[in-house]
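Engineer: I'd like to ask you about the structure that follows.
The values are calculated or read from the model by the stated rules, or taken from the named source; none is laboratory data. Since we're looking at a predicted model, the values are computed, not measured. With ideal geometry, Cβ positions are generated from the backbone for all residues, glycine too; neighbour counts draw on all protein chains shown.
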Amino acid sequence: MCKDKYYITTAIAYTSGKPHIGNSYEIVMADAIARHKRQQGYDVYFQTGTDEHGQKIEEKAKAAGITPKEFVDNVAGIIRGICDSLNVSYDHFIRTTDDYHEKQIQKIFKKMYAQGDIYKGAYEGMYCTPCESFWTESQLVDGKCPDCGREVKPAKEEAYFFKMSKYADRLIEHINSHPEFIQPVSRKNEMMNNFLLPGLQDLCVSRTSFKWGIPVDFDDKHVVYVWLDALSNYITGIGYDADGNSSDLYKKMWPADLHLIGKDIIRFHTIYWPIFLMSLGEPLPKHVFGHPWLLQGGEKMSKSRGNVIYADDLIDMFGVDAVRYFVLHEMPYENDGTITWDLVVERFNSDLANIIGNLVNRTISMSNKYFDGIVESTGVTADIDSDLKEVVTSARDKISAKMEDMRVADAISEVIALFRRCNKYIDETEPWVLAKDEAAKPRLKEVLYNLTESIVIGANLLIPYMPETASKILEQVNAGERSYDDLASYGLFKSGTKVTDKPQILFARQDLKEVMIKVEEIQAAQRAEYAKENGIEPESEEPVIDVEIKPEITYDDFAKLQFRIGKIIKCEEVPKSKKLLCSQVKIGSEVKQIVSGIKQYYTPEEMVGKKVLVLTNLKPATLAGVVSEGMLLCAEDADGNLALVTPEKDMPAGAEVC
């Protein structure tokens with residue numbers, strides 16, 4: 001087992017508000033990588049944290065009537081709580097308001113200024129507050145921020161600047177000579193072609209228009225601007241000292257082996273950050289991986305719409321490991337992934353309940369049914385065993401190769417493939433058939449041993465991605481974690497081991513209808529919260545009606561009914577009736593006479609000219625002595641009031657409803 005060091009970081013989360021699941025994805029991916037590396041024997045150090053300074057936070061704190069420190073203390077607690085709820089095994093959680101970090105940022109700024117890399121000037125341009133970025137007119141896209149698409153405002157202020165061009169050629173040479181530095185390759189090409197090769201502008205690294213930041217100690221009108229402050233966390237968090245007295249941890253762990261960040265901030269991590277490190281005379285990180293986004297069903301998440309998906313809501317409904325599985329499995333290597341509630345349910349039922357949960361439960365239950373829970377190898381093998389063993393013993397190296405390339409979704413799919421092969425093995429060997437033949441009992445024991453051994457290896461390989469589930473599986477089969485080297489070997493499960501006599505349901509199937517009822521409650525709460533935060537009068541909740549559900553019908557049943565658009569050209573009361581109106585309804589080229597019990601709700605005059613939905617192939621009936629050749633469709637509320645069902649848009653009489 002190797003004991004090489006491995007230092008991994010995530011981008012630190014901005015403390016402007018609670019992050020949604022698309023933001024939380026990154027921390028789960030980093031945790032899976034960190035756990036995988038530990039499993040391989042690496043000495044891993046995993047850092048994450050929060051970015052807590054800036055104008056946006058100052059404004060939000062003012063609006064909330066609290067100090068900026070009180071504001072970020074609250075949000076940082078929420079963010080750390082989400083990390084913990086997702087079972088993230090970080091070694092250090094840094095906050096940029098930590099004293100040691102602030103002191104080092106002041107030292108770093110002064111060092112860069114003293115060696116001529118930072119100079120004082122003035123900045124005039126278009127400023128985006130959410131991104132905390134200045135832009136020239138030529139950089140804007142349709143007059144808006146090129147990063148986030150929001151409005152920008154003209155701004156001018158005294159500022160300190162960093163001489164980016166001084167190190168640009170050196171950075172270009174480094175990127176060209178280290179093709180693994182920026183991943184995926186498309187991100188590298190974007191940085192080279194869009195920013196480095198056209199030429200870098202000097203970077204604003206201080207501000208005077210707000211106070212919530214780390215003061216420049218030799219010029220207290222200025223606070224250090226966000227990126228020099230935030231990016232430096234990767235070294236201050238492990239004990240970097242600009243005076244040359246860095247900690248042993250820093251000397252051991254730096255340079256970082258992997259900065260895992262979102263594709264939207266790739267520029268700051270592959271251009272600004274390396275140049276800052278060059279200025280400090282420190283080595284550059286080995287890899288920067290810009291992962292894609294996790295999107296909400298192709299639309300933007302918004303509290304006003306009530307469609308934001310948060311990690312804690314998902315965990316409450318599906319459990320921690322199911323959430324971890326989903327975000328890791330659904331995020332492609334380079335393209336954006338998608339999350340929707342119904343897709344989570346589908347994956348939960350198909351992959352977790354059917355493939356993993358069902359396999360473990362069936363195997364343990366059969367061991368108990370046939371052999372009182374004793375799992376024993378008899379050596380009675382068959383040709384079919386070889387393929388199972390090959391799939392299981394080759395899985396470790398396949399997963400390792402995928403993880404080395406940052407293809408985490410593909411790696412976890414390899415684990416699922418192992419469990420899927422075990423389920424196929426059950427179908428191939430038919431243990432229930434073997435159990436009927438006393439002479440076949442030794443073979444049945446071997447089959448159940450092979451299944452249990454395969455499950456143990458699969459559970460160990462599942463640890464980086466679904467650690468709680470892996471632990472539950474191993475506990476149920478009375479096995480422990482194995483060394484990484486042993487995960488490519490077969491037959492290490494101790495023959496004669498007794499499995500639990502009460503197998504636990506790992507994943508109980510979810511009912512989509514029940515899930516969506518809970519989702520509507522969550523979304524309604526989001527909309528109410530948004531209304532309260534923005535002083536909007538909440539909409540009164542629309543009434544709903546629950547009715548007795550009729551028996552299901554087939555499509556063939558439905559296809560027998562014909563609904564068409566009709567136009568009422570004449571209407572009159574039915575004599576001697578308190579309820580009925582008789583309408584002449586034009587449907588295509590014919591006119592049908594339809595009698596309806598809606599006299600209490602419509603006058604004949606109101607009816608004429610309306611476009612309505614008509615059931616046209618209903619068998620004629622006689623009502624109060626008048627023949628009716630169809631039915632007008634109506635809706636009924638809780639008080640029995642009726643309303644005609646009409647097409648949303650104007651449609652020609654005779655159009656078929658499908």
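Engineer: Filter region 133-148 for residues that are under 27 Å from the mean Cα position of the chain (by Cα) and either part of a strand (DSSP E or B) or in contact (Cβ under 8 Å) with a residue 12 or more places away in the chain (or both) and give the result. Show your work before the answer.
Structural biologist: Here is the first cut: in region 133-148, the ones under 27 Å from the mean Cα position of the chain (by Cα) are 133, 145-148.
Matches in region 133-148: S133, C145, D147, C148.
Engineer: Within region 464-506, which residues are in contact with a strand residue (DSSP E or B) (Cβ under 7 Å, 6 or more places away or on another chain) and either assigned to a helix (DSSP H, G or I) or among the small types (G, A, S) (or both)?
Structural biologist: G496
Engineer: Is there a residue in region 153-162 that is under 18 Å from L203 (Cβ atoms), touching a Leu at 6+ places or on another chain (Cβ under 6 Å) and touching a residue at least 40 places away in the same chain (Cβ under 8 Å)?
Structural biologist: So in region 153-162, the residues under 18 Å from L203 (Cβ atoms) come out as 155-162.
Checking which are touching a Leu at 6+ places or on another chain (Cβ under 6 Å) leaves us with 162.
When the remaining residues are screened for being touching a residue at least 40 places away in the same chain (Cβ under 8 Å), the result is 162.
For region 153-162, residues under 18 Å from L203 (Cβ atoms), touching a Leu at 6+ places or on another chain (Cβ under 6 Å) and touching a residue at least 40 places away in the same chain (Cβ under 8 Å): present.
Engineer: For region 336-385, enumerate the residues that are small (G, A, S) and either modelled with pLDDT under 95 or not assigned by TED's automatic domain parsing to the domain that holds A435 (or both). Let's see the steps before the verdict.
Structural biologist: Quick first cut of region 336-385, residues small (G, A, S) only: 337, 350, 353, 357, 365, 367, 373, 377, 379, 382.
Within region 336-385, G337 is the sole residue that qualifies.
Engineer: Now for a different question. Going by the conditions given, is D219 part of a loop (DSSP other than H, G, I, E, B), over 23 Å from A159 (Cα atoms) and at pLDDT 95 or above?
Structural biologist: Details: part of a loop (DSSP other than H, G, I, E, B): yes; over 23 Å from A159 (Cα atoms): no; at pLDDT 95 or above: yes.
Here the answer is no, as D219 does not meet what is asked.
Engineer: Say whether the condition of being at pLDDT below 95, among the basic types (K, R) and more than 23 Å from I238 (Cα to Cα) is met by at least one residue in region 2-15. Spell out the reasoning first.
Structural biologist: Going through region 2-15, the residues at pLDDT below 95 turn out to be 2-3.
Checking the rest, the ones that are also among the basic types (K, R) come to 3.
Applying the additional criterion that residues be more than 23 Å from I238 (Cα to Cα) yields none.
Checked region 2-15: no residue is at pLDDT below 95, among the basic types (K, R) and more than 23 Å from I238 (Cα to Cα).
Engineer: Would region 250-258 turn up any residue that is under 23 Å from S24 (Cβ atoms), assigned to a loop (DSSP other than H, G, I, E, B) and at pLDDT 95 or above? Full working, then the answer.
Structural biologist: Taking region 250-258 and keeping what is under 23 Å from S24 (Cβ atoms), we get 256-258.
Checking the rest, the ones that are also assigned to a loop (DSSP other than H, G, I, E, B) come to 256-257.
Narrowing the set further to residues that are at pLDDT 95 or above leaves 256-257.
Yes, there is a match, as at least one residue in region 250-258 is under 23 Å from S24 (Cβ atoms), assigned to a loop (DSSP other than H, G, I, E, B) and at pLDDT 95 or above.
Engineer: Still on this model: Only one residue in G213, G199 is part of a loop (DSSP other than H, G, I, E, B) and surrounded by fewer than 24 Cβ atoms within 10 Å (Cβ to Cβ). Which one? Break it down stepwise before answering.
Structural biologist: On the way: G213 fails: surrounded by fewer than 24 Cβ atoms within 10 Å (Cβ to Cβ).
Exactly one residue qualifies, and that residue is G199.
Engineer: Moving on to the next point. Can you pull out the residues in region 392-430 that are surrounded by fewer than 19 Cβ atoms within 10 Å (Cβ to Cβ), closer than 25 Å to M366 by Cα, over 29 Å from the mean Cα position of the chain (by Cα) and in contact (Cβ under 8 Å) with a residue 24 or more places away in the chain?
Structural biologist: Within region 392-430, T393, I426, E428 meet the criteria.
Engineer: Would you be able to say whether some residue in region 432-450 is under 25 Å from the mean Cα position of the chain (by Cα), crowded, with 16+ Cβ neighbours inside 10 Å and part of a helix (DSSP H, G or I)? Give the derivation first.
Structural biologist: The first filter runs over region 432-450 and keeps only residues under 25 Å from the mean Cα position of the chain (by Cα), leaving none.
Looking through region 432-450, none of the residues is under 25 Å from the mean Cα position of the chain (by Cα), crowded, with 16+ Cβ neighbours inside 10 Å and part of a helix (DSSP H, G or I).
Engineer: Follow-up. Could you identify the single residue in I275, I238, I309 that is β-branched (V, I, T), farther than 29 Å from Y325 by Cα and in a loop (DSSP other than H, G, I, E, B)?
Structural biologist: I238
Engineer: Now a separate question. Just checking: which of the strands (runs of 3 or more DSSP E) contained wholly in region 547-637 hold 3 or more residues that are among the hydrophobic types (A, V, I, L, M, F, W, C)? Please lay out each step first, then the result.
Structural biologist: Details: elements: 563-573, 581-587, 590-596, 611-615, 621-623, 626-628, 634-636.
So the answer is 563-573, 581-587, 590-596, 611-615.
A quick yes/no check of all residues on (1) surrounded by fewer than 15 Cβ atoms within 10 Å (Cβ to Cβ); (2) more than 22 Å from A159 (Cα to Cα); (3) of a type in the set (A, V, I, L, M):
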{"site": "N87", "(1), (2), (3)": "no, yes, no"}
{"site": "F93", "(1), (2), (3)": "no, yes, no"}
{"site": "Y100", "(1), (2), (3)": "yes, yes, no"}
{"site": "M112", "(1), (2), (3)": "no, no, yes"}
{"site": "D117", "(1), (2), (3)": "no, no, no"}
{"site": "P130", "(1), (2), (3)": "no, no, no"}
{"site": "S133", "(1), (2), (3)": "no, no, no"}
{"site": "Q139", "(1), (2), (3)": "no, no, no"}
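Engineer: Quick one: I517 ticks every box in (1) closer than 26 Å to W341 by Cβ; (2) in contact with a helix residue (DSSP H, G or I) (Cβ under 9 Å, 6 or more places away or on another chain); (3) outside any loop (DSSP other than H, G, I, E, B) except a single one, so which number is it?
Structural biologist: Exception for I517: condition (2).
Engineer: Then there is this: Given the criterion over 27 Å from A409 (Cα atoms) and modelled with pLDDT of 95 or more, identify the matching residue among G281, G319.
Structural biologist: Working: G319 fails: over 27 Å from A409 (Cα atoms).
Sole residue among the options that is over 27 Å from A409 (Cα atoms) and modelled with pLDDT of 95 or more: G281.
Engineer: Answer with yes or no whether L615 is at pLDDT 90 or above and assigned by TED's automatic domain parsing to the domain that holds G597.
Structural biologist: Working: at pLDDT 90 or above: yes; assigned by TED's automatic domain parsing to the domain that holds G597: yes.
Answer is yes for this residue.
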